[in-house]
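Participant: What follows is a single structure, and I will ask about it in a moment.
The values are calculated or read from the model by the stated rules, or taken from the named source; none is laboratory data. As the structure is a prediction and not an experimental result, all values here were calculated from the model. Glycine gets a Cβ as well: all are built from the backbone with ideal geometry, and neighbour counts include every protein chain shown. Quick note on the areas: whole protein, heavy atoms, side chains included, nothing else; ligands and nucleic acids left out. Shrake-Rupley method; radii C 1.70, N 1.55, O 1.52, S 1.80 Å.
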Amino acid sequence: MNRRELLTMIAAVTGTSMMGAHRAFAYQPTPVGENLFSEADAEFLDTVAETIIPATDTPGAREAGVGAFMTVYVSDCYTSREQANFREGMEQIRTRAETDYGKPFEEMSTEERQELLQTAADEARAFTSRRMAELEERREQSIDQQSAADTAADEQPEEAAEPEMHWFTPIQQLTLFGFFTSEVGGTEVLRYEQVPGEYIGDLDYDGGPAWAT
Amino acid sequence: MADNMHYDAIVVGSGISGGWAAKELTERGLKVLMLERGRNIEHVADYVNASKESWDYPHRGTATVEMEENYPVLSRDYPLNEQTYGMWANEQENPYVEAKRFDWFRGYHVGGRSLMWGRQSYRLSDTDFSANEREGIATDWPIRYSDIAPWYDHVERFAGISGTSEGLDILPDGQFLPPIPLNIVEKDVAARLRKAFGGKRYLINARVANITESRPEQNRVACQYRNKCWLGCPYGAYFSTQAATLPAAMATGNLTMRPFSIVKEVLYDKDGKRARGVEIIDAETNETYEYTANVVFLNASSFNSTWLLMNSANDVWEGGLGSSSGELGHNVMDHHFRVGAEGRVEGYDDKYYYGRRPAGFYIPRFRNIDGEERPYTRGFGYQGSASRQGWRREVAELNIGADMKEALSKPGDWTIGMTAFGEMLPYHDNFIALDRGTTDKWGLPVLSISVDLHENERRMREDMKQDAVDILEASGVVDVKPTESDYAPGMGIHEMGTARMGRDPETSVLNGNNQVWDAPNVYVTDGACMTSASCVNPSLTYMALTARAADHAVKSLKNGDL
Ligand SMILES: Cc1cc2nc3c(=O)[nH]c(=O)nc-3n(C[C@H](O)[C@H](O)[C@H](O)COP(=O)(O)OP(=O)(O)OC[C@H]3O[C@@H](n4cnc5c(N)ncnc54)[C@H](O)[C@@H]3O)c2cc1C
Ligand code: SF4
């Protein structure tokens, strides 16, 4: 069956005899709230993101609009506490640029920006492994205590305080997420086929990009 | 519009089971009124997200804080997301009381949860139907596998289930379309697994309600491997009310559907010991109407059908229609899950795949059969898949820059993971009840839910985890790690029980044909009727029981028995 036949078939939708048939949206658009960031913020975030995912022989984060995406995402999907952490990250980068390099981040050279963010990334990695070790230790302790006290199983161990995150982690994560889920990232850096039509589970790998989803 | 107020049959609810009731009753010539509390959703035309890509969503699929505030229950797990937003019962308008935490994920619209379901479709086996009797648990199912087998055949042929015949007693074969393929890693793991456990454990293709061959006569096109089924399929390739049963029912000319119709009460005729019909509230105008019928099918989903019974005939039974046994509302079951294992598969770096499957593999139950006795009763099966990691992985030592970008844009390691779905026993003390002090937007009393896992399930979870690890390790998977997240009852989205079938009106709500003992022209054929849960996904069984009951109802009407 070719694409055209397919479409004709899809279009042939059965009529319905319905009382009081109202049309209503099935899947609703998500509410988009007020963007809490300025255009300058989005610009700045583009520069940060581009340092994390630079244009190479394929487009980078700036072309994928990652800065603007981050401002929408943080405004709508982050709790106020996460927003504060994200803002601290932006502030840290700005301050370090001034104190360590004596100029705004935007005016630094590509190498300098990479150096600054690489340092931040190293700190974040160390911070995260420390946190993980702590949490693991606390979890083991609570299991010990639990079995010692033979507590009822429906009594949840006290929720460990929300794991703090290093200020660089959300910026880095959102950059990757925003980039690889963008149209540029998904179709020009990764591979994407809108309607595959079949599944082949045993294909010789051609060395090319990964599938987008 | 001048409404006709009398019909041969009324069907309450338009989800998976209601769609089947409407189809089977109308095809047998009955004039049917289908009452659905939510809005209409038109096949294809209203699937506005079905062709969207991640970049078409402002938050790329993530729920916003505002959405989480609107849907505090749904936000506990994956159903709350940007893609399916708007497809879930409004939690402010439709509250319920959690005497104990219960994650109730509901869809109130034409099609019910048939639009969002995971489509995994398996038959219960004779082991399942006889388990309660064999072990002296709860009460015996009034039917056996042989009673329902032809009806499984019937619904599978029409719904379109893809899968493979395996000849296993514990997971009977059916009328399958060609399967959704396994990939090379899954096939090899399957072969190693079979060897490792002496042919006692199997990894097979998932059996799913996605058609793999086009059906022009149903206006349904074969699956295009896009893996976006929960958004409504523009090809009609997965089974939903809209794609399959509703058009068939409409084609008979015998169906009338009324959306925005909250059925609040089954009207009971004390003297005739029969239902006369139902009373509804129009959800938009708040006006009430009475519709009468010779037969009433309750397909409002397990808890809602039971709620309806509890809210009916209160002048005769305080606890409602069907409460005379003392079992109405009791014996709630779900499938407990969220434990399993995952690991890495080496040696396939030169292999990849094409297309996005809507399903992976299944490992049928292997515990407590063939005479084995674990420290718990019943068993569990696994659902899983293998794939190559994408950009969401960590790349060692690479945090930023061109090298990381390059690495993440290539496929990563092959990984395989699976999650167990375990059977939960029917316990009398797991129950739902009317809370008359709390009301919904329409002033109707709401349900209070009180469900816990018991010792049997907790013991089973140990095996669910350890067996997953053992299976993967024995199949050559490396870096195997157990996975476990909190499970709260309801999360399986397989709520069952509360109006069970049985052999005796003293201990059950429904008889072997799904008729309410106290009102034989009322049939309950959704998950409320389940006497035990098995460990397989239940909806195919609701379909088969519904078709069987519809056949019974029509024959009984003709015989003058109803
Ligand atoms: C994300 C997800 C994944 C799932 N995966 C699977 C799976 O892989 N396999 C499987 O077998 N099952 C799965 N399920 C479960 C499956 O969806 C349900 O078992 C099935 O839909 C139940 O069918 P039903 O007809 O009883 O109820 P539903 O499909 O829920 O339909 C009930 C309908 O009744 C209407 N209604 C309720 N109360 C009233 C009233 N008072 N008056 C009028 N109308 C009313 C509702 O609005 C709704 O439209 C999944 C569910 C979800 C949400
Ligand atoms: S994966 Fe198949 S069934 Fe699911 S939405 Fe896509 S085409 Fe339809």
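Participant: Given the DSSP H assignment, sum -39500 (n - 2.57) over each helix run of at least 4 residues in chain B and divide by its residue total; what's the result at 222 nm in deg cm²/dmol, nearest 500?
Facilitator: Taking each H run of at least 4 residues, the total per residue is -6500 deg cm²/dmol.
Participant: If you don't mind, another one. Which whole number gives the average count of other chain Cβ atoms within 10 Å of the Cβ atoms across peptide A:47-59?
Facilitator: 3
Participant: Work through the residues other than B:Thr288 whose Cβ is under 11 Å from its Cβ and net out their charges, Lys, Arg +1 and Asp, Glu -1.
Facilitator: Details: positive: B:Lys264; negative: B:Glu265, B:Glu279, B:Asp282, B:Glu287, B:Glu290.
Around B:Thr288, the surrounding residues sum to -4.
Participant: Among all the aspartates and glutamates, which ones have a C-alpha under 13 Å from B:Lys558's C-alpha, if same-chain residues fewer than 8 places away are not counted?
Facilitator: Partners found: B:Asp8.
Participant: Can I ask one more? Output the 0 to 90 degree angle, nearest 10, between the alpha-carbon long axis of helix B:455-474 and the longest principal axis computed from the alpha carbons of chain B.
Facilitator: It is inclined by approximately 30 degrees.
Participant: With the full set of protein chains in place, find how many percent of the accessible area of region B:142-300 is carbon and sulfur; take the probe as 1.4 Å. All intermediate terms of the calculation are to be shown ahead of the outcome.
Facilitator: Numbers: 2520 of 5510 Å².
Answer for region B:142-300 is 46 percent, counting heavy atoms of protein chains only.
Participant: How far is the Cα center of region B:89-126 from the Cα center of region B:286-326, in Å?
Facilitator: Taking the Cα centre of each part, region B:89-126 and region B:286-326 sit 19 Å apart.
Participant: Using DSSP to call loops (not H, G, I, E or B), can you name the trypsin sites (Lys or Arg not before Pro) in region B:240-332 whose Cβ has at most 14 other Cβ atoms within 10 angstrom?
Facilitator: Counting only loop positions with at most 14 other Cβ atoms within 10 Å, the trypsin sites (Lys or Arg not before Pro) in region B:240-332 are B:Lys270, B:Lys273.
Participant: Could you rank the peptides B:324-335, B:60-71 by their average count of other C-beta atoms within 10 Å per residue, with the highest value first?
Facilitator: B:324-335, B:60-71
Participant: What angle, in degrees between 0 and 90 and rounded to the nearest 10, separates the Cα long axis of helix B:184-196 from the longest principal axis of the Cα atoms of chain B?
Facilitator: Compared with the principal axis, the helix lies near 90 degrees.
Participant: Ok, one more. What residues have an amide H closer than 5 Å to that of B:Leu168, excluding those fewer than 5 places away on the same chain, when H is modeled at 1.01 Å from N in the peptide plane?
Facilitator: B:Asp173
Participant: Please list, in chain and number order, the residues 5+ apart from B:Gly497 or on another chain whose amide H is under 5 Å from its amide H, with Hs placed from the backbone.
Facilitator: B:Met333, B:Ala528, B:Cys529, B:Met530
Participant: A:Glu106 to B:Thr439: FRET efficiency via 1/(1 + (r/R0)^6), r the Cβ-Cβ distance, R0 41 Å, to the nearest 0.05?
Facilitator: Result of the calculation: an efficiency of 0.10.
Participant: For peptide B:454-461, compute the average count of partner chain beta-carbon atoms within 10 Å of each residue's beta-carbon.
Facilitator: Counting other chains' Cβ atoms within 10 Å and averaging over B:454-461 gives 0.
Participant: Okay, next question. Taking a threshold of 25 Å on the Cα-Cα distance, which of the pairs B:Lys23/B:Lys270; B:Lys351/B:Lys405; B:Lys187/B:Lys405 fall above it?
Facilitator: Beyond 25 Å: B:Lys23/B:Lys270; B:Lys187/B:Lys405.
Participant: If you don't mind, there's one more thing I want to ask. Would you work out if the protein assembly as shown is rounded, prolate or oblate? Take a ≥ b ≥ c from the square roots of the eigenvalues of the alpha-carbon gyration tensor; rounded if a/c is under 1.5, else prolate when a/b is larger than b/c, oblate otherwise.
Facilitator: Judged from the Cα gyration tensor, the protein assembly as shown comes out prolate (a/c at least 1.5, a/b above b/c).
Participant: Enumerate the amide H contacts of B:Arg39 below 5 Å, restricted to partners 5 or more residues apart or on another chain; note that Pro and chain-start residues carry no placed amide H.
Facilitator: When sequence neighbours closer than 5 places are left aside, the close amide H contacts are B:Val110, B:Phe260.
Participant: Residues of B:213-224, mean number of Cβ from any other protein chain within 10 Å of their own Cβ, rounded to a whole number?
Facilitator: Mean shielding count: 3.
Participant: Let me ask you something else. Using the Cα centre as the reference, give the magnitude of the dipole from point charges on the C-beta atoms of region B:1-133 (Lys, Arg: +1; Asp, Glu: -1; all else neutral), rounded to the nearest 20 debye. Walk me through the intermediate numbers first.
Facilitator: Details: 14 positive and 21 negative charges, 41 e Å.
Using Cβ point charges on Lys, Arg, Asp and Glu, region B:1-133 gives about 200 debye.
Participant: So what's the gap between the Cα centers of region B:1-48 and region B:368-445, to the nearest angstrom?
Facilitator: What the calculation gives is 33 Å, centre to centre.
Participant: Rounded to the nearest Å, what's the spacing between the alpha carbon centres of region A:31-99 and region B:145-204? Just the number, please.
Facilitator: The distance from the Cα centre of region A:31-99 to that of region B:145-204 comes to 49 Å.
Participant: Percent relative contact order of chain B, based on C-alpha pairs within less than 8 angstrom and at least six residues apart?
Facilitator: 22 percent
Participant: Once the Cα atoms of helix B:539-559 and of chain B are each reduced to a long axis, what angle between those two axes, in degrees from 0 to 90 to the nearest 10, is obtained?
Facilitator: Tilt of helix B:539-559: around 20 degrees.
Participant: A further question follows. What are the GluC sites (Glu not before Pro) within region B:249-298 that DSSP puts in a loop, where the Cβ has at most 16 other Cβ atoms within 10 Å?
Facilitator: Details: sites: B:Glu265, B:Glu279, B:Glu284, B:Glu287, B:Glu290; in loops: B:Glu284, B:Glu287.
Here the GluC sites (Glu not before Pro) that fit, given the DSSP loop and packing criteria, are B:Glu284, B:Glu287.
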